[in-house]
C-alpha cells in the first residue's frame, strides 16, 4: 500500500492520503474506474458494495487476451463483485488461506495510476495480497437473488 496506511499495532486504517491522491490523479484514471475508486461505499466497513470483508471466490487468467478476472462474494453474501482487468502487464498473488475465520476476508484495497497503467492492490486480513497492473479495471456488482 502506498497511500492507504495500516497501523501495524492497532490495525486501524487511515484513508485520507489515499482519497487525496485519487483526487489529484483523476485525469490518469479511466472515467468509469475513477467513479468506482472514489466511492467510499467500495471501501467502507458497512458499505453495501464494499470489498471489505468480501471473499475471493474465483480467479480466471486469460492467456491471449491478457485479461484477469477476480470474483468476490460480498461481505453480506448478497452480491458478487467482479473485477475484470484488461491488457494486464503483470500480476502477483501472495495468498495463503487456511479457512480460519476471517483468513480470506479482504481488509483494504488501493488503486494507483502510473505511466498509463492502473495498479490495484488487494490486501486480505492475514496481510497476504493480490496486485494486478493493467490498462484498465472494469468493476461490476451483481445482486444475488
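Conditions tested, residue by residue: (1) at pLDDT 95 or above; (2) loosely packed, with under 12 Cβ neighbours inside 10 Å; (3) farther than 16 Å from residue 119 by Cβ; (4) touching a helix residue (DSSP H, G or I) at 6+ places or on another chain (Cβ under 8 Å).
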{"site": "25", "(1), (2), (3), (4)": "yes, no, no, no"}
{"site": "43", "(1), (2), (3), (4)": "yes, no, yes, no"}
{"site": "48", "(1), (2), (3), (4)": "no, no, yes, yes"}
{"site": "57", "(1), (2), (3), (4)": "no, no, yes, no"}
{"site": "60", "(1), (2), (3), (4)": "yes, yes, yes, no"}
{"site": "88", "(1), (2), (3), (4)": "yes, no, no, no"}
Just one of 86, 50, 145, 90 is more than 14 Å from the chain's Cα centre (by Cα) and in a loop (DSSP other than H, G, I, E, B); which is it?
145
Go through (1) closer than 18 Å to residue 136 by Cβ; (2) in contact with a strand residue (DSSP E or B) (Cβ under 8 Å, 6 or more places away or on another chain); (3) surrounded by 12 or more Cβ atoms within 10 Å (Cβ to Cβ) and name the single condition residue 107 misses.
(1)
Can you tell me which residue is farthest from residue 121 (Cα to Cα) among those in region 74-83 that are touching a strand residue (DSSP E or B) at 6+ places or on another chain (Cβ under 7 Å) and part of a loop (DSSP other than H, G, I, E, B)?
78
Looking at 20, 71, which is the one that is at pLDDT 95 or above, surrounded by 15 or more Cβ atoms within 10 Å (Cβ to Cβ) and not in a loop (DSSP other than H, G, I, E, B)?
71
Count of residues meeting criterion [closer than 19 Å to residue 123 by Cα and outside any helix (DSSP H, G or I)] in region 23-45
5
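The values are calculated or read from the model by the stated rules, or taken from the named source; none is laboratory data. Only a predicted model underlies this, so the values are computations on that prediction, with no experimental measurement involved. We place every Cβ from the backbone using ideal geometry, glycine too, and count neighbours over all the protein chains shown.
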